Amino acid sequence: HFHSPPPRAWKKIFRQLILLALGILGLLRFGLPVLRHLEVLLPMGVCPLARMPLLRDNFSGPLDPGAQPEVLTCTSWGAPIIWDGTFDPDVAQQEAVQRNLTVGLTVFAVGRYLEKYLERFLETAEQHFMVGQRVVYYVFTERPAAVPRVPLGPGRRLRVERVARERRWQDLSMARMRAASGARFVLCIDVDQHFSGAFGPEALAESVAQLHAWHYRWPRRLLPFERDARSAAALGPGEGDFYYHAAVFGGSVAALRRLTAHCARGLRRDRARGLEARWHDESHLNKFFWLHKPAKLLSPEFCWSPEIGRRAEIRRPRLLRAPKEYALLRS
Ligand code: UDP
Ligand code: MN
């Protein structure tokens, strides 16, 4: 005279399945940005030199690695990581003027990137890049006549170098060094960004690598290095210090020659085997900096992605990346 009780267990499982499905949907929809915000909870490590009085650097004058205690301000091999507050911009400026430097800035503007980005890049570089130093811009393009005529300050020149519009534009970036030998130090910077704050001689060194804004807080073994052992860019398990961004790198002309030769060799070798490294020339750049440690690292302030949102330690972004529009721009 009474019905058997409803299958409670089934009801429970059903409810749990619905929750699980909602959870997965929510994670797919909102999860990645949320993970990004949780990333700030991962400690970056502390510079052991931060307790020492002052670190010196030939280009920035005295450095204070203790000035930003919540981030890593030097590497295990003793290279400074330049954050806002760890250097005095006026002293850096004086040191550079005394050394009577000419700083080169190479930039590629091929295809639609020329009209889309180059003018703003150069205009904002005039406002913020190595102000008070002698500067030579080296613009690489297949259409020199289309390069915008941006008014330049005293002591600043622009040279246009024609490059053939190669089918595989990634390879082009390795031709950068051919022309840039007029300068003592050179920075190689992607065009799809603009300067937003002082980018001065504190960024110079014998070799300079840029901490990637999307990866600077990730655990080392999750970094997106090339892991396929067949590639010349491969890093083994446990290898790799930081993930560096190919959108900004630099150094002396001799150091950059070594770097570009290494990357060109790796790209060629991979191609001969029918391979392409995970992040193209950036993978080879990361391999190079693993083998030949950079003398200086730039904090993500020197190449920041506004999509990441606000971060307490990013006080003064100096260069801001434009959002990606691959479909529109690449052909
Ligand atoms: N580039 C270019 N024309 C192109 C593709 C790339 O001039 O059609 C240059 C440009 O300087 C650009 C850089 O190569 O900033 C890197 O390419 P992209 O920005 O597309 O790469 P990602 O942002 O994915 O690293
Ligand atoms: Mn880009």
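What follows is calculated from the coordinates using simple rules that are stated; it is not laboratory data. Since the structure is predicted, the reported quantities are computational estimates derived from the model, not experimental observations. Here Cβ is always computed from backbone atoms with ideal geometry, including for glycine, and neighbour counts include all displayed protein chains.
Some points to look at:
- The modelled label-to-label distance for the pair VAL97/GLN127, using points 7 Å beyond Cα in the direction of Cβ, is 2.3 nm.
- Cβ charges +1 (Lys, Arg) and -1 (Asp, Glu), total dipole of the chain, debye: 1140
- Note on ARG257 and GLU119: the model spin-label points, each 7 Å out from Cα along the C-beta direction, lie 3.8 nm apart.
- Across segment 250-266, rounded Karplus estimates of 3J(HN,Hα) from the backbone phi angles (6.51 cos²θ - 1.76 cosθ + 1.60, θ = phi - 60°) give x, x, 5, 4, 5, 5, 5, 4, 4, 4, 5, 5, 4, 5, 5, 4, x Hz, Gly and Pro being marked x.
- Derived scalar couplings ³J(HN,Hα) [segment 118-135; Karplus, 6.51 cos²θ - 1.76 cosθ + 1.60; whole Hz; x for Gly, Pro]: 4, 4, 5, 4, 5, 4, 6, 5, 4, 7, 10, 8, 6, 4, x, 9, 7, 10
- J(HN,Hα) series, segment 269-275, from Karplus relation 6.51 cos²θ - 1.76 cosθ + 1.60, nearest Hz, glycine and proline x: 4, 4, 5, 4, 9, x, 10
- 11 Å reach of a label modelled at LYS293, 7 Å along Cα-to-Cβ, counting backbone N of segment 58-102: 75-80
- For GLN193, distant residues with modelled amide H under 5 Å away: ALA322
- Additional length obtainable on full extension of the chain from ARG184 to ARG269, 0.36 nm per residue less Cα span: 27.6 nm
- Cα Rg, Dmax (largest Cα-Cα span) when computed across segment 46-329, Å: 18.2, 54
- Total charge dipole magnitude, segment 79-157, about the Cα centre, Cβ charges on Lys, Arg, Asp, Glu only, Debye to nearest 20: 420
- For MET44, MET130, order by how many other beta-carbon atoms lie within 10 Å, fewest first: MET44, MET130
- Residues whose amide H falls under 5 Å from that of GLY200, counting only those 5 or more places apart or on a different chain, are MET130, with hydrogens built in the peptide plane.
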